[in-house]
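This report concerns only the one structure given below.
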Amino acid sequence: MTDVAWQNADPDALAGPVHYALRLPALGRAEYARLQAVLLRGTMVRTGWRRHLVGLAAAVLVGTVTGVFASYWDVGAELWIASARTGWMLSLDGFEVLFAAIGVAAVTTAALALTLLSRQRRAVRALHAAGEDLFGEHDLLLGKRGVVWRNPSRVLFVPWPRLTGAVRDGGMMFLLADRISAFWLPEALVARHPDRAGLEALIRRHVALP
């Protein structure tokens, strides 16, 4: 993205003739969380599937080899837990040990997932709060050469070729820029635009709409 000073910014000079000028509302915390989810989803789709596939193949291989050797060597397992004070004792053997191990692994994985989800939500809240006017009301100008985003403190210009896709999620249309950031358009705002067909046609001309 190109960041230029508000005082010296001429939208026509940046984007060419401006076809549509939209006044967009602030991006709330929930919408910002959806934006981040859309960006992360795109990153995982592009780069993460190979890692997931390799991890799954490795888990299957390790499990198979372990099972074959355990069967070949007739390996058994026994687990017992006892209380010297009360005389209470729990004893597990054979498949019971396996099921207990799977249960412990499942509970641990669930606890880690909940912890990571909680941390992610806190991080999203902190980033949204730190963004200040970046997520506030602004003008979005769609021109011949690209998109101008502006508010009283800054102007951002992105040429059309740098817009790499669009995603609709939760009543919002996100126009992805360089796969790491996005402009947002409330679909309700687009729907009530006087020239909705022309607006969507312009976006579709440069970005693949879902």
If a paramagnetic tag sat 7 Å from the Cα of Leu127 along the Cα-Cβ line, which residues of segment 159-199 would have the backbone N under 16 Å from that point? 174-184
Could you pull out the trypsin sites (Lys or Arg not before Pro) across segment 116-210 that fall in loop regions by DSSP (anything but H, G, I, E, B) with no more than 12 other Cβ atoms inside 10 Å? Lys144, Arg192
At R0 = 35 Å, how high is the FRET efficiency between Ala82 and Gln36 if r is their beta carbon distance? Nearest 0.05 is fine. 0.10
Estimated translational D of segment 106-196 in µm²/s (Stokes, Kirkwood radius over Cα pairs; 37 °C; 0.692 mPa s): 209 µm²/s
Under the 7 Å Cα-to-Cβ spin-label approximation, His206 and Leu22 lie apart by a distance in nanometres of 1.2 nm
Could you work out what % of the accessible surface of segment 132-210 is carbon and sulfur, using a 1.4 angstrom probe and leaving DNA, RNA and ligands out of the count? 52 percent
On full extension of the chain, what length is gained from Thr164 through Asp178, given 0.36 nm per residue of separation minus the C-alpha to C-alpha distance? 4.4 nm
Calculated FRET efficiency, Leu134 and His193, Cβ-Cβ r, R0 22 Å, to nearest 0.05? 0.35
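The values are calculated or read from the model by the stated rules, or taken from the named source; none is laboratory data. For clarity, every value in this text was computed on a predicted model and none was experimentally measured. Glycine gets a Cβ as well: all are built from the backbone with ideal geometry, and neighbour counts include every protein chain shown. For the accessible areas, the whole protein counts, side chains as well, though only heavy atoms, and no ligand, DNA or RNA atoms are used. Shrake-Rupley method; radii C 1.70, N 1.55, O 1.52, S 1.80 Å.
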